[in-house]
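The structure under discussion appears below in the form of structure tokens.
Here, each number is a calculation from the coordinates, and none is a lab measurement. Note that the coordinates shown come from a computational prediction; the quantities given were computed from them, not determined experimentally. Here the Cβ is made from the backbone with ideal geometry for all residues, glycine too, and neighbour counts use every protein chain on show.
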Amino acid sequence: MATALGTHNIFGTLKSLITGTLASLLLSLACAQEAPQNRVWTNLDGRKLEGRMSDLGDAEVEVRLMNGKAVRIPLASLSAADQAYVNGWQDLGFGIKVGRWPQELRPMLNFTARELERKPEGECVYATPNFRYICDAPLAASLIKEYALAFEGTYYAIKNLPLQLDPRPPGNGHFVVRLFRNREDYLRAGGPEGSSGVYVVRTREILVPMDSLGVRTVGRRVAIDPRAYDAGTLIHEITHQVMHDWLNVLPVWFVEGIAEYMAAVPFDDARFDFRRMEEGLGGYLETAYHVARRKEGSLPLDMVAPEALMAMTHQQWASALSEPGAAALNYRSALLLVYYLIHLDGKGDGSSIVAYLRQAWTKQGEMEHFVREYNEAVNRYNASLAAYNDSVRRYNQELVDFRESVESYNNKVRIFNGQLRRGVAEQDLIEVGDEPGLAPEPPLKPELPRILAERPDGGGVVDLSRAELEARRAIYRSRNPSQLWSDMERAFAAQGLKLRPVQAEAARSGTRAIPLSPPKKAP
């Protein structure tokens with residue numbers, strides 16, 4: 001008798017390989033060369049030449065020969081080993097083409113703020129090209145437009161930075177902002193105490209108390225106090241909102257660092273002035289963190305060491321928020337690292353951060369594609385397993401019926417043969433009937449899909465941190481952690497900032513995991 005198939009024992013708990021991976025990664029980085037070196041190149045025909053890779057395009061590589069002459073070779077014509085060598089450097093951002101960093105960014109200002117709806121209870125809805133504002137009190141459209149400059153300006157700036165972040169409004173075509181006339185209502189809606197605004201990831205909405213926009217109400221009259229307008233905090237939260245699609249891809253240091261970076265850019269009348277970015281950084285450090293540029297011989301500015309900062313998890317970051325000093329240190333460190341990678345690293349063109357973002361997005365997509373394929377394979381396997389178990393039950397019943405028919409037939413044959421031996425008359429012989437047919441065929445067991453059978457760790461989760469960790473090579477490039485810090489120290493010293501590395505408490509690599517669907521247990 002056949003037996004119903006049970007669950008194949010390949011589905012356990014994924015053991016995090018993050019620590020071992022990080023150790024091997026940093027070792028390889030420490031041993032890596034600072035720039036492409038001379039090597040012997042071989043094409044598919046076996047011809048060879050010696051030189052170093054001096055530039056890299058989409059379909060060809062430039063090799064500078066020993067005599068100084070540069071030749072361009074189609075990548076497709078190179079040997080597999082040479083193509084792998086080129087791909088390794090490409091992953092580190094070598095040859096990446098980055099657009100020129102803008103001098104300033106400012107959206108078209110000829111848009112109007114439209115009133116879409118006014119509800120009986122007083123709530124009003126307004127819209128500008130990319131944002132929808134839900135207010136708990138009527139406001140003049142001109143006032144909405146005035147403060148929409150920060151929203152539209154930040155969206156426009158993020159969209160047009162050469163980082164290729166490509167922010168997009170959600171499905172309805174508008175980012176949503178909720179404005180509260182009373183701070184008590186803002187707090188009841190989930191706004192943090194003492195804050196000037198917050199982005200709620202779950203709802204994709206920004207909550208803003210109107211007093212932080214310089215809007216005050218006296219009776220039914222609206223008054224504006226520009227001195228109470230906290231543009232920096234608002235820009236920080238808008239950056240989170242327009243970069244929503246990246247929040248599950250990037251680690252917390254970059255998510256918060258780029259938001260602080262945008263808040264530090266000199267901003268006026270919807271215009272981000274990147275020409276004054278160095279001045280903006282110094283001013284923001286002084287106003288937001290009470291840190292002035294240091295003179296020679298003074299105490300240095302504490303910063304979480306880059307390797308510790310990049311290893312910090314969202315949970316560790318959140319736990320530090322209860323300690324103002326630790327929180328300020330983390331935010332300031334993230335700002336400095338992002339600023340360095342954009343403006344001071346390498347050629348100052350942001351190529352390392354662009355390569356990092358490309359890889360993080362690509363590798364995250366690859367892992368999520370794997371998860372979808374894996375879960376679809378599990379669903380198909382579960383369905384075939386259920387169908388097999390049903391067929392097993394039918395087969396077992398058919399086998400019982402067949403055995404009973406065989407036993408009945410054999411019993412009639414025995415009686416018939418006994419009657420013949422006793423000489424029973426032919427018309428009195430028992431009716432034997434036809435022989436039973438062939439025995440039923442047992443059902444075929446379903447084959448375990450290849451994607452399930454080949455999963456080496458048999459895990460039930462996929463560690464998304466590994467995708468970001470691989471992308472991090474583009475930031476380190478050929479440097480180990482101490483070399484990266486030395487480069488940062490020298491670059492900021494030239495701008496009048498002396499850094500001192502400190503370790504963030506409990507800054508360890510963490511695992512962000514997404515589950516793989518387990519197969520259902522067979523009955």
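Placing R0 at 22 angstrom, the Cβ-Cβ distance between THR203 and ARG114 gives a FRET efficiency of 0.45 after rounding to 0.05. Working from the Cα coordinates of the stretch 37-91, the gyration tensor eigenvalues give, after taking √(5λ), semi-axes of 15, 13, 10 Å in decreasing order. Normalised by the number of residues in the stretch 37-91, the mean separation of alpha-carbon contacts (under 8 Å, six or more apart) gives a relative contact order of 27 percent. Fewest neighbouring Cβ atoms within 10 Å first, the residues ASP349, ASP302, ASP166 line up as ASP166, ASP302, ASP349.
3J(HN,Hα) along the stretch 251-259: x, 5, 4, 7, 4, 7, x, 6, 5 Hz, from the Karplus curve 6.51 cos²θ - 1.76 cosθ + 1.60 with θ = phi - 60°, whole Hz, x for Gly and Pro.
For the stretch 40-46, putting each phi into the Karplus relation 6.51 cos²θ - 1.76 cosθ + 1.60 with θ = phi - 60° gives couplings of 8, 9, 10, 9, 5, 8, x Hz, in residue order, rounded to whole numbers and with x for Gly and Pro. Segment ASP166..TRP101, full-extension length gain: 21.8 nm, with 0.36 nm per residue of separation and the alpha-carbon distance subtracted. Amide H to amide H distances under 5 Å link GLU205 with VAL200, where only residues 5 or more positions off or on other chains count and H is placed in the peptide plane. For the pair ALA327 and LEU65 in one chain, pulling the backbone fully straight at 0.36 nm per residue adds 89.1 nm over the alpha carbon distance. Computing FRET efficiency as 1/(1 + (r/R0)^6) for GLN315 and ASN182, where r is the C-beta to C-beta distance and R0 is 51 Å, gives about 0.95.
One decimal place: the segment GLN83-GLN419 gains 112.2 nm when fully extended, by the rule 0.36 nm per residue minus the C-alpha distance. For the stretch 37-91, a crude dipole built from +1 on the beta carbon of Lys and Arg and -1 on the beta carbon of Asp and Glu, taken about the Cα centre, is about 280 debye to the nearest 20. Checking the Cα-Cα distances for LYS97/LYS498; LYS159/LYS347; LYS412/LYS445; LYS97/LYS363; LYS159/LYS363 against a 25 Å cut-off, the pairs over it are LYS97/LYS498; LYS412/LYS445.
A Förster radius of 60 Å combined with the Cβ-Cβ distance from ASN396 to GLN427 puts the calculated FRET efficiency at roughly 0.90. Here's how it looks for ARG39: its modeled amide H is under 5 Å from those of GLY51, ARG52, which are all 5 or more places away or on a different chain.
Applying the Karplus relation 6.51 cos²θ - 1.76 cosθ + 1.60 with θ = phi - 60° to the stretch 399-415 yields 3J(HN,Hα) values of 5, 4, 4, 5, 5, 5, 5, 5, 5, 5, 5, 4, 5, 5, 5, 4, 4 Hz, where x marks Gly and Pro. Ordered by the number of other Cβ atoms lying within 10 Å of each residue's own Cβ, fewest first, HIS343, HIS240 fall into the sequence HIS343, HIS240. Computed over the stretch 37-174, the range of Cα coordinates on each principal axis works out to 80, 29, 19 Å, biggest value leading.
In terms of other Cβ atoms within 10 Å, SER333, SER77 run from fewest to most in the order SER77, SER333. Which one, ILE415, LEU357, TYR339, is farthest towards the positive end of the dipole of the stretch 333-422 when Lys and Arg carry +1 and Asp and Glu -1 on their Cβ? Farthest along the dipole direction, towards plus: ILE415. Spin-label model, ALA387/GLU50: points 7 Å from Cα along the beta carbon direction are separated by 6.3 nm.
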